[in-house]
Amino acid sequence: MPDSAANNRLLNGSNSNAVRVRTGSRLHFGLLDTSAPFGGIGVMIADPATEIVVSRCERFDAGTIETARITDIAQRVAQLSGEPTLPNLRVELPQLPPRHAGLGSGTQLSMAVAEAFCHLLAIKQTPEQLATQIAGRGKRSAVGWHGYFQGGLIFEASTNEASTNEARVTDTSVPPSPLNSVQQRVELPASWTVVVVRPRVPDRSVSGELETQQFHRLPEVAPQVVSELRSQVQQRILPAASIADFDPFAEAISCYNAASGELFRSVQSGPYNGPAVTALIQWLREQNIRGVGQSSWGPGVFAWFENRAEANRLVQSLPDWIEPIAIANPQNKARQLSETKVTR
(Lines give C-alpha, C1' and ligand atoms only; values in the text may rest on other atoms or scores of the structure.)
Protein backbone atom coordinates (compact mmCIF):
# COMPACT_ATOMS: atom_id res chain seq x y z
CA MET A 1 0.00 0.00 0.00
CA PRO A 2 1.16 3.60 -0.52
CA ASP A 3 3.18 5.14 2.28
CA SER A 4 1.93 7.91 4.55
CA ALA A 5 4.11 10.53 2.87
CA ALA A 6 2.43 9.90 -0.47
CA ASN A 7 -0.99 10.09 1.17
CA ASN A 8 -0.07 13.35 2.91
CA ARG A 9 1.06 14.89 -0.38
CA LEU A 10 -2.33 14.08 -1.88
CA LEU A 11 -4.28 15.37 1.10
CA ASN A 12 -2.24 18.58 1.27
CA GLY A 13 -3.02 19.57 -2.28
CA SER A 14 0.01 18.57 -4.33
CA ASN A 15 -0.11 18.63 -8.13
CA SER A 16 -1.27 15.01 -8.07
CA ASN A 17 -5.03 14.77 -7.91
CA ALA A 18 -5.30 11.31 -9.42
CA VAL A 19 -3.90 7.81 -9.33
CA ARG A 20 -3.13 5.60 -12.32
CA VAL A 21 -2.93 1.82 -11.84
CA ARG A 22 -1.78 -0.72 -14.43
CA THR A 23 -1.82 -4.46 -13.87
CA GLY A 24 -1.65 -7.59 -16.02
CA SER A 25 -3.87 -10.64 -16.40
CA ARG A 26 -4.01 -13.89 -14.47
CA LEU A 27 -3.96 -17.35 -15.97
CA HIS A 28 -5.30 -20.04 -13.65
CA PHE A 29 -3.99 -23.56 -14.22
CA GLY A 30 -6.58 -25.20 -11.98
CA LEU A 31 -7.77 -25.80 -8.42
CA LEU A 32 -6.73 -28.59 -6.06
CA ASP A 33 -10.25 -29.11 -4.71
CA THR A 34 -13.85 -28.11 -5.40
CA SER A 35 -14.54 -27.01 -1.81
CA ALA A 36 -12.74 -24.54 0.41
CA PRO A 37 -9.86 -24.44 1.03
CA PHE A 38 -9.58 -24.81 -2.74
CA GLY A 39 -5.86 -24.30 -3.36
CA GLY A 40 -4.46 -24.10 -6.89
CA ILE A 41 -1.82 -22.54 -9.06
CA GLY A 42 -1.71 -19.70 -11.57
CA VAL A 43 0.52 -17.04 -13.06
CA MET A 44 0.42 -13.36 -13.90
CA ILE A 45 1.10 -12.29 -17.48
CA ALA A 46 1.80 -8.78 -18.76
CA ASP A 47 -1.02 -8.65 -21.32
CA PRO A 48 -3.89 -8.05 -21.76
CA ALA A 49 -3.50 -5.20 -19.29
CA THR A 50 -5.97 -3.43 -17.06
CA GLU A 51 -5.36 0.30 -16.71
CA ILE A 52 -7.47 2.69 -14.64
CA VAL A 53 -7.31 6.35 -13.61
CA VAL A 54 -9.11 7.51 -10.47
CA SER A 55 -9.26 11.25 -9.85
CA ARG A 56 -10.84 13.70 -7.47
CA CYS A 57 -14.02 15.39 -8.66
CA GLU A 58 -17.10 17.14 -7.31
CA ARG A 59 -19.20 13.97 -7.05
CA PHE A 60 -18.85 10.23 -7.42
CA ASP A 61 -18.64 9.11 -11.05
CA ALA A 62 -18.27 5.39 -11.82
CA GLY A 63 -18.28 5.93 -15.58
CA THR A 64 -20.29 3.84 -18.02
CA ILE A 65 -18.31 0.56 -17.93
CA GLU A 66 -18.30 -1.86 -14.99
CA THR A 67 -20.49 0.65 -13.16
CA ALA A 68 -22.05 -1.82 -10.71
CA ARG A 69 -18.70 -3.34 -9.70
CA ILE A 70 -17.10 0.07 -9.16
CA THR A 71 -20.09 1.41 -7.22
CA ASP A 72 -20.08 -1.62 -4.92
CA ILE A 73 -16.43 -0.94 -4.09
CA ALA A 74 -17.20 2.73 -3.47
CA GLN A 75 -20.00 1.77 -1.09
CA ARG A 76 -17.67 -0.48 0.90
CA VAL A 77 -15.10 2.33 1.07
CA ALA A 78 -17.76 4.79 2.28
CA GLN A 79 -18.91 2.34 4.94
CA LEU A 80 -15.34 1.72 6.08
CA SER A 81 -14.59 5.43 6.37
CA GLY A 82 -17.92 6.19 8.04
CA GLU A 83 -19.02 8.60 5.31
CA PRO A 84 -22.74 8.91 4.48
CA THR A 85 -22.12 9.44 0.77
CA LEU A 86 -19.96 7.86 -1.90
CA PRO A 87 -16.47 9.36 -2.29
CA ASN A 88 -16.03 12.29 -4.66
CA LEU A 89 -13.95 10.29 -7.12
CA ARG A 90 -14.16 9.64 -10.82
CA VAL A 91 -13.11 6.35 -12.44
CA GLU A 92 -11.85 6.11 -16.01
CA LEU A 93 -10.90 2.83 -17.70
CA PRO A 94 -8.46 3.44 -20.58
CA GLN A 95 -7.68 -0.25 -21.05
CA LEU A 96 -9.50 -3.46 -20.13
CA PRO A 97 -9.03 -7.12 -21.13
CA PRO A 98 -11.88 -9.22 -22.54
CA ARG A 99 -14.35 -10.17 -19.83
CA HIS A 100 -15.17 -13.76 -18.86
CA ALA A 101 -12.26 -15.19 -20.82
CA GLY A 102 -10.35 -16.88 -18.01
CA LEU A 103 -8.03 -13.90 -17.52
CA GLY A 104 -9.08 -12.91 -14.01
CA SER A 105 -10.08 -9.49 -15.30
CA GLY A 106 -12.70 -8.92 -12.60
CA THR A 107 -10.17 -9.39 -9.81
CA GLN A 108 -7.54 -7.16 -11.41
CA LEU A 109 -10.05 -4.36 -12.01
CA SER A 110 -11.53 -4.63 -8.53
CA MET A 111 -8.10 -4.60 -6.91
CA ALA A 112 -6.97 -1.60 -8.93
CA VAL A 113 -10.11 0.40 -8.13
CA ALA A 114 -10.01 -0.52 -4.45
CA GLU A 115 -6.34 0.39 -4.07
CA ALA A 116 -6.72 3.67 -5.96
CA PHE A 117 -9.70 4.67 -3.81
CA CYS A 118 -7.81 3.92 -0.61
CA HIS A 119 -4.71 5.73 -1.83
CA LEU A 120 -6.58 8.92 -2.66
CA LEU A 121 -8.61 8.81 0.57
CA ALA A 122 -5.61 7.91 2.76
CA ILE A 123 -7.27 4.73 4.04
CA LYS A 124 -4.71 2.27 5.31
CA GLN A 125 -5.44 -1.39 4.58
CA THR A 126 -3.35 -4.53 4.53
CA PRO A 127 -3.24 -6.34 1.17
CA GLU A 128 -5.55 -9.03 2.55
CA GLN A 129 -8.04 -6.46 3.85
CA LEU A 130 -7.96 -4.58 0.58
CA ALA A 131 -8.65 -7.77 -1.37
CA THR A 132 -11.31 -9.40 0.77
CA GLN A 133 -13.07 -6.48 2.46
CA ILE A 134 -12.96 -3.71 -0.15
CA ALA A 135 -12.37 -5.35 -3.54
CA GLY A 136 -14.53 -8.31 -2.52
CA ARG A 137 -12.21 -10.91 -4.07
CA GLY A 138 -10.54 -14.14 -2.96
CA LYS A 139 -13.61 -16.23 -2.16
CA ARG A 140 -12.30 -19.25 -4.05
CA SER A 141 -8.83 -18.38 -5.25
CA ALA A 142 -6.31 -15.87 -3.93
CA VAL A 143 -3.96 -16.33 -6.89
CA GLY A 144 -5.27 -13.24 -8.69
CA TRP A 145 -4.92 -10.78 -5.84
CA HIS A 146 -1.60 -12.15 -4.70
CA GLY A 147 -0.51 -11.85 -8.31
CA TYR A 148 -1.70 -8.25 -8.32
CA PHE A 149 0.67 -7.41 -5.45
CA GLN A 150 3.58 -9.70 -6.37
CA GLY A 151 3.42 -11.04 -9.92
CA GLY A 152 4.96 -14.39 -10.78
CA LEU A 153 3.81 -18.01 -10.61
CA ILE A 154 1.81 -18.51 -7.42
CA PHE A 155 1.00 -21.81 -5.71
CA GLU A 156 -1.86 -21.49 -3.27
CA ALA A 157 -2.53 -24.23 -0.73
CA SER A 158 -4.23 -23.94 2.63
CA THR A 159 -2.31 -24.95 5.74
CA ASN A 160 -4.70 -27.78 6.60
CA GLU A 161 -4.64 -29.38 3.16
CA ALA A 162 -1.65 -31.58 3.72
CA SER A 163 -3.14 -33.42 6.67
CA THR A 164 -6.85 -34.05 6.26
CA ASN A 165 -9.82 -33.16 4.14
CA GLU A 166 -12.12 -32.63 7.11
CA ALA A 167 -12.12 -28.82 6.95
CA ARG A 168 -14.11 -28.66 3.72
CA VAL A 169 -16.28 -25.55 3.63
CA THR A 170 -19.30 -25.02 1.43
CA ASP A 171 -19.89 -21.39 2.46
CA THR A 172 -17.43 -19.31 0.44
CA SER A 173 -18.61 -15.93 1.75
CA VAL A 174 -15.63 -15.90 4.12
CA PRO A 175 -12.47 -17.12 2.39
CA PRO A 176 -9.93 -19.26 4.21
CA SER A 177 -7.01 -17.00 5.26
CA PRO A 178 -5.64 -16.26 1.79
CA LEU A 179 -2.37 -14.72 2.99
CA ASN A 180 -1.34 -17.88 4.82
CA SER A 181 -2.32 -20.11 1.91
CA VAL A 182 0.36 -19.08 -0.58
CA GLN A 183 3.08 -21.68 -0.22
CA GLN A 184 5.43 -20.72 -3.02
CA ARG A 185 6.04 -18.00 -5.59
CA VAL A 186 8.39 -18.44 -8.57
CA GLU A 187 9.51 -15.90 -11.16
CA LEU A 188 9.34 -17.34 -14.67
CA PRO A 189 11.96 -16.43 -17.30
CA ALA A 190 11.10 -13.17 -19.02
CA SER A 191 11.64 -14.79 -22.44
CA TRP A 192 8.99 -17.45 -21.93
CA THR A 193 5.89 -16.53 -23.88
CA VAL A 194 2.27 -17.57 -23.69
CA VAL A 195 -0.31 -17.30 -26.44
CA VAL A 196 -3.90 -16.94 -25.21
CA VAL A 197 -6.62 -17.88 -27.68
CA ARG A 198 -10.31 -18.75 -27.66
CA PRO A 199 -12.90 -20.17 -30.06
CA ARG A 200 -14.55 -17.45 -32.15
CA VAL A 201 -17.88 -19.12 -31.35
CA PRO A 202 -17.37 -20.11 -27.72
CA ASP A 203 -19.58 -22.20 -25.50
CA ARG A 204 -21.43 -20.64 -22.57
CA SER A 205 -19.14 -18.65 -20.28
CA VAL A 206 -19.20 -19.32 -16.55
CA SER A 207 -19.08 -16.47 -14.03
CA GLY A 208 -21.00 -14.80 -11.24
CA GLU A 209 -24.14 -16.59 -10.09
CA LEU A 210 -23.74 -19.36 -12.67
CA GLU A 211 -20.29 -20.11 -11.31
CA THR A 212 -21.69 -20.33 -7.78
CA GLN A 213 -24.39 -22.73 -8.97
CA GLN A 214 -21.80 -24.88 -10.74
CA PHE A 215 -19.71 -25.19 -7.58
CA HIS A 216 -22.76 -26.21 -5.55
CA ARG A 217 -23.42 -29.04 -8.02
CA LEU A 218 -19.91 -30.47 -7.81
CA PRO A 219 -19.29 -33.71 -5.91
CA GLU A 220 -16.70 -33.92 -3.15
CA VAL A 221 -13.17 -34.77 -4.21
CA ALA A 222 -11.45 -37.74 -2.62
CA PRO A 223 -8.48 -36.78 -0.43
CA GLN A 224 -6.12 -38.91 -2.51
CA VAL A 225 -7.07 -36.97 -5.64
CA VAL A 226 -6.28 -33.66 -3.92
CA SER A 227 -2.99 -35.16 -2.77
CA GLU A 228 -2.13 -36.29 -6.30
CA LEU A 229 -2.81 -32.83 -7.72
CA ARG A 230 -0.70 -31.24 -5.01
CA SER A 231 2.12 -33.64 -5.80
CA GLN A 232 2.02 -32.65 -9.47
CA VAL A 233 2.49 -29.03 -8.45
CA GLN A 234 5.17 -29.62 -5.84
CA GLN A 235 7.14 -32.34 -7.59
CA ARG A 236 6.83 -31.33 -11.25
CA ILE A 237 5.62 -27.78 -11.96
CA LEU A 238 7.43 -25.82 -9.25
CA PRO A 239 10.81 -27.59 -9.58
CA ALA A 240 10.82 -27.10 -13.36
CA ALA A 241 9.79 -23.45 -13.00
CA SER A 242 12.41 -22.83 -10.32
CA ILE A 243 15.28 -23.89 -12.59
CA ALA A 244 13.71 -22.47 -15.78
CA ASP A 245 13.49 -25.93 -17.39
CA PHE A 246 10.87 -25.23 -20.05
CA ASP A 247 9.98 -28.65 -21.50
CA PRO A 248 9.20 -30.34 -18.15
CA PHE A 249 7.33 -27.21 -17.06
CA ALA A 250 5.15 -27.20 -20.18
CA GLU A 251 4.38 -30.90 -19.95
CA ALA A 252 3.55 -30.66 -16.25
CA ILE A 253 1.22 -27.70 -16.78
CA SER A 254 -0.76 -29.61 -19.42
CA CYS A 255 -1.04 -32.71 -17.25
CA TYR A 256 -2.05 -30.79 -14.16
CA ASN A 257 -4.59 -28.64 -16.03
CA ALA A 258 -6.33 -31.70 -17.48
CA ALA A 259 -6.32 -33.52 -14.13
CA SER A 260 -7.70 -30.48 -12.30
CA GLY A 261 -10.31 -30.09 -15.01
CA GLU A 262 -11.56 -33.61 -14.28
CA LEU A 263 -12.82 -32.30 -10.93
CA PHE A 264 -15.40 -30.34 -12.95
CA ARG A 265 -16.41 -33.10 -15.37
CA SER A 266 -19.93 -33.29 -13.95
CA VAL A 267 -20.71 -29.66 -14.88
CA GLN A 268 -18.60 -29.14 -18.02
CA SER A 269 -18.82 -32.62 -19.62
CA GLY A 270 -15.09 -33.29 -19.45
CA PRO A 271 -11.83 -31.73 -18.31
CA TYR A 272 -12.55 -28.64 -20.44
CA ASN A 273 -15.60 -26.41 -20.54
CA GLY A 274 -17.54 -27.42 -23.62
CA PRO A 275 -16.89 -28.86 -27.08
CA ALA A 276 -15.47 -25.65 -28.58
CA VAL A 277 -12.66 -25.34 -26.03
CA THR A 278 -12.07 -29.09 -26.15
CA ALA A 279 -11.66 -28.92 -29.95
CA LEU A 280 -9.29 -25.96 -29.63
CA ILE A 281 -7.04 -27.77 -27.18
CA GLN A 282 -7.08 -30.87 -29.37
CA TRP A 283 -6.03 -28.79 -32.39
CA LEU A 284 -3.12 -27.29 -30.44
CA ARG A 285 -1.96 -30.74 -29.40
CA GLU A 286 -2.11 -31.91 -33.00
CA GLN A 287 0.37 -29.13 -33.78
CA ASN A 288 2.73 -30.75 -31.21
CA ILE A 289 2.39 -27.81 -28.86
CA ARG A 290 2.88 -28.46 -25.17
CA GLY A 291 2.00 -26.35 -22.19
CA VAL A 292 -1.62 -26.21 -23.31
CA GLY A 293 -4.72 -25.86 -21.16
CA GLN A 294 -7.86 -23.99 -20.18
CA SER A 295 -7.53 -20.99 -17.87
CA SER A 296 -10.14 -21.08 -15.13
CA TRP A 297 -13.53 -21.77 -16.79
CA GLY A 298 -12.24 -20.63 -20.19
CA PRO A 299 -12.96 -20.02 -22.96
CA GLY A 300 -9.42 -18.64 -22.84
CA VAL A 301 -6.86 -21.33 -23.67
CA PHE A 302 -3.13 -20.93 -23.05
CA ALA A 303 -0.18 -22.34 -25.01
CA TRP A 304 3.34 -21.82 -23.64
CA PHE A 305 6.50 -21.33 -25.69
CA GLU A 306 10.15 -20.90 -24.80
CA ASN A 307 10.40 -17.67 -26.81
CA ARG A 308 8.28 -15.14 -28.67
CA ALA A 309 9.40 -16.26 -32.14
CA GLU A 310 7.81 -19.67 -31.59
CA ALA A 311 4.67 -18.03 -30.21
CA ASN A 312 4.40 -15.76 -33.25
CA ARG A 313 4.60 -18.76 -35.56
CA LEU A 314 1.60 -20.30 -33.84
CA VAL A 315 -0.46 -17.13 -34.13
CA GLN A 316 0.34 -16.87 -37.84
CA SER A 317 -0.90 -20.42 -38.39
CA LEU A 318 -4.20 -20.18 -36.48
CA PRO A 319 -7.28 -21.28 -38.44
CA ASP A 320 -10.17 -18.83 -38.80
CA TRP A 321 -12.24 -20.45 -36.05
CA ILE A 322 -9.61 -19.62 -33.39
CA GLU A 323 -9.28 -16.03 -32.15
CA PRO A 324 -6.00 -14.79 -30.63
CA ILE A 325 -6.39 -12.76 -27.42
CA ALA A 326 -2.79 -12.04 -26.50
CA ILE A 327 0.87 -12.89 -26.89
CA ALA A 328 2.36 -12.19 -23.50
CA ASN A 329 5.38 -12.69 -21.28
CA PRO A 330 5.21 -13.52 -17.58
CA GLN A 331 4.71 -10.58 -15.26
CA ASN A 332 7.08 -11.05 -12.35
CA LYS A 333 6.44 -7.71 -10.68
CA ALA A 334 3.60 -6.05 -8.86
CA ARG A 335 1.06 -3.74 -10.44
CA GLN A 336 2.23 -0.22 -11.20
CA LEU A 337 0.63 2.57 -9.16
CA SER A 338 1.57 6.17 -9.82
CA GLU A 339 0.26 9.58 -8.87
CA THR A 340 -0.72 11.76 -11.80
CA LYS A 341 -2.53 14.97 -12.65
CA VAL A 342 -5.92 15.15 -14.37
CA THR A 343 -7.19 18.45 -15.75
CA ARG A 344 -10.75 19.14 -16.82
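The values are calculated or read from the model by the stated rules, or taken from the named source; none is laboratory data. This is a predicted model, so every value here is computed, not measured. Note that each Cβ is placed from the backbone with ideal geometry, even for glycine, and that neighbours are counted across all protein chains shown.
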Exercise. Return yes when PRO189 is in a loop (DSSP other than H, G, I, E, B), at pLDDT 80 or above, of a type outside the set (Asp, Glu) and closer than 19 Å to GLN150 by Cα and no when it is not.
Key: yes
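Looking only at helices (runs of 4 or more DSSP H) that fall completely inside the range 256-344, which ones have 1 or more residues that are closer than 17 Å to PHE246 by Cβ?
Numbers: elements: 265-268, 275-286, 308-316.
The qualifying helices (runs of 4 or more DSSP H) are 275-286, 308-316.
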Quiz item: Within the range 252-259, can one find any residue that is touching a residue at least 40 places away in the same chain (Cβ under 8 Å) and farther than 15 Å from LEU32 by Cα?
Solution: no
Quiz prompt | Candidates SER55, SER105, filtered to the one that is within 12 Å of THR23 (Cα to Cα), at pLDDT 95 or above and of a type outside the set (A, V, I, L, M) | solution = SER105
Quiz item: Do you know which of the residues in the range 330-344 that are polar (S, T, N, Q) and in contact with a strand residue (DSSP E or B) (Cβ under 7 Å, 6 or more places away or on another chain) is surrounded by the most Cβ atoms within 10 Å (Cβ to Cβ)?
Solution: GLN331
Quiz item: From the set of residues in the range 67-99 that are surrounded by 13 or more Cβ atoms within 10 Å (Cβ to Cβ) and part of a strand (DSSP E or B), which is nearest to the chain's Cα centre (by Cα)?
Solution: LEU93
Quiz item: Of everything in the range 208-249 that's of a type in the set (Gly, Ala, Ser) and surrounded by 13 or more Cβ atoms within 10 Å (Cβ to Cβ), which residue is farthest from ARG308 (Cα to Cα)?
Solution: SER227
Quiz prompt | Number of the exception - ALA244 against (1) on the phi < 0 side of the Ramachandran plot; (2) modelled with pLDDT of 95 or more | solution = (1)
